[in-house]
Amino acid sequence: MNSILRTLAAALAIGCPFATLAAPFLPAGFLIPTSKDIALISNSPQGLRPLDECHVPVAVDRIRVFFFGRSNIYVQDPISGNLLDSKGIPVISGFMNSGPLTLSEDLPGPVKRKAQEAEAGLGKDNLGEGIHVEGALVTKSGKVYFWRLYSDTVLALWDEKKKICTPW
Amino acid sequence: MVTPRHKIWVTLLITFLTAAGAVANNFNPPKADAIVSFSNNPVFQYSSCDIYQELSRTSFLSFLEKGKVLSMATPLDDKSLQGPVTYHEPLNDWARNLVALEKKQGPGICQRRCQGAAATQDTIYFWELINDNVLWISDEKGRGCYLRIGSGI
């Protein structure tokens, strides 16, 4: 209830359209793990099935680094894609133009071709829209999170309750 | 001109490549009692025909306990992979309409999205429910297998 009231107050304060009013911006109970909490990090499977061709792996340390400070955590509105600050104010409009995404040079052939196609079509700053750099992590307490890297500095994180956060 | 001898050689070649693929895959699914974490992944709806559904931990473990391992080299359209897809309630109005349409016009209109991850002490596995009887499970390298429970078709 408090969350709803805060959403309402914040949205009224900045004159948000109704669509944003309806979107939760504080996922109750969603805890961002610290780097010490994390037991395992893994990329999602790559390349061997036709549907997975656009999955591109990255070094897990690039994911782990997001959890050291846990600062600048944003919540993504699952409807608009906007990133909201702790007051529910949109700070980034959707995931487009989220920035360059640096990929490994030694990707398997089919995966590399897919990445090159995405870069040719979308441009380097939108690469995270065209390919899937994603995976899962498990905390020491056994909780599973899913992550997706949209750019070198934007990582989305969610759990099975569909709560989405974005360390930036 | 394709002679019967050519056909035999082609058949032998395909058999060899299929077997080689299965060996190279070299994947053993985890034991059910080694699983310490399990989660569905509420994937985003890719199209308006997607219906997101969850698999229970118990059902997942039963695939690991009782599932027959099918080779990674098995093509997706292999008959052994075909099986019923049950859309569990509750469905929203949109999904219910899709399912009704599929009953009238035949399979292929809806796409059930049911996938997630599970972990042992040292490895994360990814799974996807292909149909009610078949689960795909793999590691991050893409090595994996289908597990089929029941008789299939």
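Taking the criterion of being of a type outside the set (S, T, N, Q), surrounded by 15 or more Cβ atoms within 10 Å (Cβ to Cβ) and either at pLDDT below 80 or out of contact with any Asp or Glu (no Cβ under 9 Å at 6 or more places or on another chain) (or both), the residues of the range A:94-107 that qualify are A:Phe95, A:Leu107. The residues in the range A:108-134 that are modelled with pLDDT under 85, in contact with a Phe, Trp or Tyr (Cβ under 9 Å, 6 or more places away or on another chain) and under 15 Å from A:Val58 (Cα atoms) can be counted, and the count is 2.
Within the range A:121-131, track down each residue that is within 14 Å of another protein chain (Cβ to nearest Cβ) and out of contact with any helix residue (DSSP H, G or I) (no Cβ under 8 Å at 6 or more places or on another chain).
A:Gly128
Output the residues belonging to the range A:132-168 that are within 8 Å of chain B (Cβ to nearest Cβ), buried (at least 20 other Cβ atoms within 10 Å of the Cβ) and among the small types (Gly, Ala, Ser). Scanning the range A:132-168 gives A:Gly135, A:Ala136.
Would the range A:129-136 turn up any residue that is part of a helix (DSSP H, G or I), over 19 Å from the mean Cα position of the chain (by Cα) and in contact (Cβ under 8 Å) with a residue 24 or more places away in the chain? No - not one qualifying residue is present in the range A:129-136. Taking the condition of a type in the set (Asp, Glu), within 15 Å of the chain's Cα centre (by Cα), within 22 Å of B:Tyr125 (Cβ to Cβ) and at pLDDT 85 or above, does B:Glu54 pass? Yes. Scanning the range B:101-153 for residues that are surrounded by 21 or more Cβ atoms within 10 Å (Cβ to Cβ), under 23 Å from B:Tyr87 (Cα atoms) and hydroxyl-bearing (Ser, Thr, Tyr) gives a single hit, B:Tyr146.
Can you pull out the residues in the range B:116-132 that are more than 15 Å from B:Gln53 (Cβ to Cβ) and either in a loop (DSSP other than H, G, I, E, B) or of a type in the set (Asp, Glu) (or both)?
Passing the criteria: B:Thr120, B:Gln121, B:Asp122, B:Thr123.
Among the residues that make up the range A:64-83, is at least one of them in a loop (DSSP other than H, G, I, E, B), out of contact with any Phe, Trp or Tyr (no Cβ under 6 Å at 6 or more places or on another chain) and at pLDDT 85 or above?
So far as the range A:64-83 goes, yes, one or more of its residues are in a loop (DSSP other than H, G, I, E, B), out of contact with any Phe, Trp or Tyr (no Cβ under 6 Å at 6 or more places or on another chain) and at pLDDT 85 or above.
Can you say whether B:Thr74 is out of contact with any strand residue (DSSP E or B) (no Cβ under 6 Å at 6 or more places or on another chain), of a type in the set (Ser, Thr, Tyr), modelled with pLDDT under 85 and outside any helix (DSSP H, G or I), as far as the supplied structure shows? When the stated conditions are applied, B:Thr74 passes them.
The values are calculated or read from the model by the stated rules, or taken from the named source; none is laboratory data. This one's a predicted model, so the numbers in the text were calculated from it and none came from an experiment. Here Cβ is always computed from backbone atoms with ideal geometry, including for glycine, and neighbour counts include all displayed protein chains.
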